[in-house]
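The values are calculated or read from the model by the stated rules, or taken from the named source; none is laboratory data. What you see is a predicted model, and the numbers here were worked out from it, not measured in a lab. Note that each Cβ is placed from the backbone with ideal geometry, even for glycine, and that neighbours are counted across all protein chains shown. Protein only, heavy atoms only, side chains kept; ligands, DNA and RNA dropped before computing areas. Shrake-Rupley method; radii C 1.70, N 1.55, O 1.52, S 1.80 Å.
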Amino acid sequence: MDGLFTAPRPMKISNTLNTSSTITGFILLGFPCPREGQILLFLLFSVVYLLTLMGNGSIICAVSWDQRLHTPMYILLANFSFLEIWYVTSTVPSMLANFLSDTKVISFSGCFLQFYFFFSLGSTECFFLAIMAFDRYLAICRPLHYPTIMTGRLCTNLVVSCWILGFFWFLIPIIIISQMSFCGSRIIDHFLCDPGPLLALSCTRAPVIELTSSTLSSLLLFIPFLFIMGSYTLVLRAVLRVPSAAGQRKAFSTCGSHLAVVSLFYGSVMVMYVSPTSEREAGMQKMVTLFYSIVTPLINPVIYSLRNKDMKHAMKKLLGT
């Protein structure tokens, strides 16, 4: 989600590939290297993708099959894992095809479909992290009222709201950008269709679209983030009032996994946000995007499985060990 925050920097790539004034497709550079390197990257990311699908799929199966996990906390976790599967799927399959392609070309429609789904799923993830923090706040700060507040109906409504908000948040800017005319080089120095390079390829500057996108991105990042921090501030205050050390450890263990996931996701996204676009190298931009869009969906199932006794038990039961 990095390219929406600030005005795009000019591409530092030669325009020798430009043969027409109007663009009908784009060239995704990805990770330029010799053919052997492309094959190695293909194998590496194929393994990462399969492990991500297996890890998040295992959490979904464990929550579905273990009756003890049919609680709002784990239902939200299963939905989050389902989201992670689609989030990584929005980028990795096209990246794998790009590694084996000689032309590195992505169609206009394919580029904007990827643009839409990647940012919509990323937006949905921000909202999911916020409602998961809200669930932990209710469980720890309002334990007696938790069953009556966090009902199955409320849990379902929150999940549906996250998906709807996520898929409508950037819809209008994406539609407007897709209607713009693009001139100059067809090259996008990224492994996905990022709005920064896309706007840099437009025939005319669109300050209103840039401002709108930047504002929506700021709201998307900071409103859920401040909500999460506020929730955990109240949780921390409540935990410190617990008289027994065992009770404190249990509370911290319950929240630790979610805090670790929040730190990984928001930490990497914030790096892109606070770093001025003009000072970011394309390599760093790609690496940080790679981390929050591909590495974190791989790590998240490990974090939730290792730090949660119920989830570990369900995983062992699922695997028959």
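Lys/Arg Cβ at +1, Asp/Glu Cβ at -1, dipole of region 26-319 taken about the Cα centre: which of Leu100, Thr71, Ser244 is farthest positive-ward?
The listed residue farthest towards the positive side: Ser244.
Return the carbon/sulfur percentage of the accessible area of the chain, one whole number, probe 1.4 Å, all protein chains in place.
Carbon with sulfur: 70 percent of the solvent-accessible area.
Sort Trp169, Trp86 by heavy-atom solvent-accessible area, probe 1.4 angstrom, most to least.
Final ranking, largest accessible area leading: Trp86, Trp169.
Probe radius 1.4 Å, ligands and nucleic acids left out: which of Arg153, Arg35, Arg249 has the largest accessible area, and how do the rest follow?
Values: Arg153 190, Arg35 110, Arg249 155 Å².
Greatest to least solvent exposure: Arg153, Arg249, Arg35.
What net charge do the residues around Ile188 carry, taking every other residue with its C-beta under 12 Å from that of Ile188, with Lys and Arg at +1 and Asp and Glu at -1? Kindly include the intermediate steps, with their values, before the conclusion.
Details: positive: Lys104, Arg186, Lys286; negative: Asp189, Asp194.
Local net charge: +1.
Could you compute the FRET efficiency for Ser214 and Met270, with r as their C-beta to C-beta distance and R0 at 25 Å, rounded to 0.05? Before the final figure, lay out the partial values.
Working: r = 15 Å, r/R0 = 0.60.
Given R0 = 25 Å and the Cβ-Cβ separation, E is 0.95.
Provide the gained length on full extension for the span Asp102 to Cys141, in nm with one decimal, where the gain is 0.36 nm per separating residue minus the Cα-Cα distance.
Gain on extension, Asp102 to Cys141, equals 8.4 nm.
Projecting each Cα onto the charge dipole of the chain (Lys/Arg +1, Asp/Glu -1 at the beta carbon, about the Cα centre), which of Ser109, Leu40, Cys155 comes out farthest on the positive side?
Cys155
Taking amide hydrogens as modeled 1.01 Å from N in the peptide plane, which residues meet the under 5 Å criterion relative to Cys203, leaving out close sequence neighbours?
Those lying under 5 Å, H to H, from Cys203 are Ser181, Phe182, Cys183.
Among Tyr87, Leu259, Leu199, which residue has its Cα positioned farthest towards the positive end of the charge dipole of region 26-319, with +1 placed on the Cβ of Lys and Arg, -1 on the Cβ of Asp and Glu, and the dipole taken about the Cα centre?
Comparing the listed Cα positions along the dipole, Leu259 ranks first.
With a 1.4 Å probe and all protein chains left in place, how much accessible area per residue does the chain have, in Å²? Let's see the in-between values first.
Numbers: 15060 Å² over 321 residues.
Ligands and nucleic acids excluded, the figure is 47 Å² per residue.
For region 166-207, what does the alpha-carbon gyration tensor say about shape, rounded, prolate or oblate, given a ≥ b ≥ c as the root eigenvalues, a/c under 1.5 as rounded, and a/b over b/c as prolate?
oblate
How big is the dipole moment of the chain about its Cα centre under a simple scheme where the beta carbon of each Lys and Arg is +1, that of each Asp and Glu is -1, and everything else is neutral? Debye, nearest 20, please.
For this selection, approximately 1000 debye.
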